[in-house]
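Chemist: Sharing a structure here in structure tokens format.
What follows draws every value from the coordinates through simple rules; no lab data is involved. On a predicted model such as this, the values are computed, not experimentally measured, just so you know. Reconstructed Cβ throughout: ideal geometry from the backbone, glycine too, with neighbour counts over all protein chains shown.
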Amino acid sequence: MPLYKNKSFLVAGALLCLLFAFLLAVRTGFFKKEIPEYTFISPAEGLAERDTWMKILQHDRKIGFSRSVLSKEANGYKMQEYVFMRVNTMGMIQDINLKTEGHLNPDLTLRAFDFEISSGKFVFKANGEINGKILSIYTRDSGTLRKIDIPVSNKPYLAAGVADAAFAGGANPGDVFTLDVFDPATMGQVPVLVKVGEKEEIITGGEKTTAIKLLLTFKGTTQYLWIGNNGEILREKGILGMSLEKTTKEDALNGLSLQASEDLTKIASVQSNVIIDDPGKLSLLKVKIEGIETGSLKINGERQRFENSILTVEKESLIALPEHPFTEKSEIIWLYFLKPTQFIQSDNKKIIDIVAKTTDPADPPLIKVQKIVKWINTNIEKRPVISLPDAVSTVENKAGDCNEHAVLLAALSRAAGIPAKIESGLVYLNGRFYYHAWNLVYLGRWVTVDPLFGQIPADVTHIRFSSGDSKEQLDLMGIIGKVKLKVVDYK
């Protein structure tokens with residue numbers, strides 16, 4: 001069967017990366033306060049220890065559970081959280097496990113944390129600690145310890161305990177404050193706007209109770225939390241019909257359907273108004289984009305032009321690319337995208353060895369990229385994966401979807417001396433536009449490359465909304481379920 005017929009289930013990872021980055025940001029991110037009028041204080045009599053179980057639902061179908069344990073320590077509190085989810089991506093059922101442990105000061109600020117996400121044989125772990133004004137994050141790849149220091153002006157809060165912090169600080173209806181979120185899924189920080197709503201009566205565990213509603217606005221989308229009189233989270237509601245509700249341990253652990261969620265990838269996709277028989281043959285695509293704010297998106301530039309709601313995408317030419325494209329003037333433009341990151345480990349020996357065996361130093365950049373893409377297509381199995389994608393794990397596990405292919409191409413390209421970015425947005429497949437990730441490489445000018453599809457340049461149905469490194473993918477959070485597309489011309 002042609003590759004194009006098999007592509008649809010392989011784009012699932014782009015959406016799921018966003019979903020779990022959002023879940024991590026809300027449940028395992030780190031918060032620091034910005035509004036001086038609102039003061040989080042140390043609980044006068046201390047918070048009560050508790051063990052809270054919640055069921056995770058999507059449109060009333062149970063797809064997982066979480067357990068959150070708050071206990072006292074000699075010098076503060078310990079917050080432990082475990083999340084299990086069973087999701088459906090293009091008919092494939094996959095299980096995801098998230099574990100977080102945070103050690104908190106008496107005022108609920110963070111001292112140290114451990115984090116792990118696993119799905120199948122893919123596992124990502126990170127731990128960190130606060131030293132003065134620095135949050136130090138540690139990860140490992142191939143046994144090598146990697147460290148990143150994040151400056152923080154104030155000690156951050158663990159997001160799993162944000163309700164406790166608000167409760168301890170005496171949050172009142174109408175209070176508004178901004179928080180900085182550190183997300184271990186992207187090793188980045190983004191602002192979150194928190195609004196304290198009015199008290200509401202809700203049903204939880206079959207009983208009516210009064211709860212305070214919190215609204216957390218993050219990257220253009222809103223998460224809702226209802227907290228009880230003791231600061232305990234009773235209910236959460238997020239995107240794509242996903243929610244959490246407090247329940248008993250027995251109810252949380254039992255009754256999980258083997259069918260898992262509705263197909264998240266298809267739910268989030270966008271119906272096309274036309275059928276495109278062979279996207280690879282197109283040289284131009286024009287679409288009308290509505291329903292979203294585009295100001296913060298990377299929608300304009302390179303091969304894309306956006307004006308009066310019309311996006312024009314033109315396929316790049318590979319003719320007359322410079323054989324030696326890098327000059328002193330261009331260095332500032334591309335130098336940043338030669339650097340290794342936590343997930344794009346271009347300085348790792350395994351990555352460097354692949355480049356050395358695959359390419360010749362005398363090869364022009366285009367030839368190097370073509371050889372790298374061929375190596376990826378030959379050695380990496382195209383298979384949906386739900387994890388935090390990193391280049392070294394992709395090499396070790398020899399499998400991945402669009403995210404794994406994109407981070408691996410970025411790492412191999414950078415190791416070969418070719419600047420590379422990760423792009424994400426939508427791509428046309430079988431009558432719909434699905435969330436997807438691919439690359440942009442610098443060959444004297446920026447050229448799109450899709451290593452999963454083996455396209456250099458990528459076809460024009462790749463509609464870019466974000467560009468940079470992994471953390472920029474979070475820019476798509478605010479458009480999921482909102483974006484409307486209408487193809488107005490193609491040739």
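Chemist: Place a point 7 Å from Cα of D353 in the direction of its Cβ. Which residues in the stretch 370-413 have their backbone N less than 13 Å from it?
Modeler: Residues 395-396 qualify, since their backbone N sits under 13 Å from the label point.
Chemist: To the nearest 0.05, how large is the calculated FRET efficiency for K374 and S71 if R₀ is 45 Å and r is the Cβ-Cβ distance?
Modeler: 0.25
Chemist: Still on this structure, I have one more. Just want the ordering: F115, F343, from fewest to most Cβ atoms lying within 10 Å of their own Cβ.
Modeler: F115, F343
Chemist: Give the shape of the stretch 269-490 as rounded, prolate or oblate, defined through the alpha-carbon gyration tensor: a ≥ b ≥ c are the square roots of its eigenvalues, a/c under 1.5 means rounded, and otherwise the shape is prolate if a/b is larger than b/c and oblate if not. Mind showing how you got there, number by number?
Modeler: Details: a/c = 1.71, a/b = 1.46, b/c = 1.18.
The shape class here is prolate.
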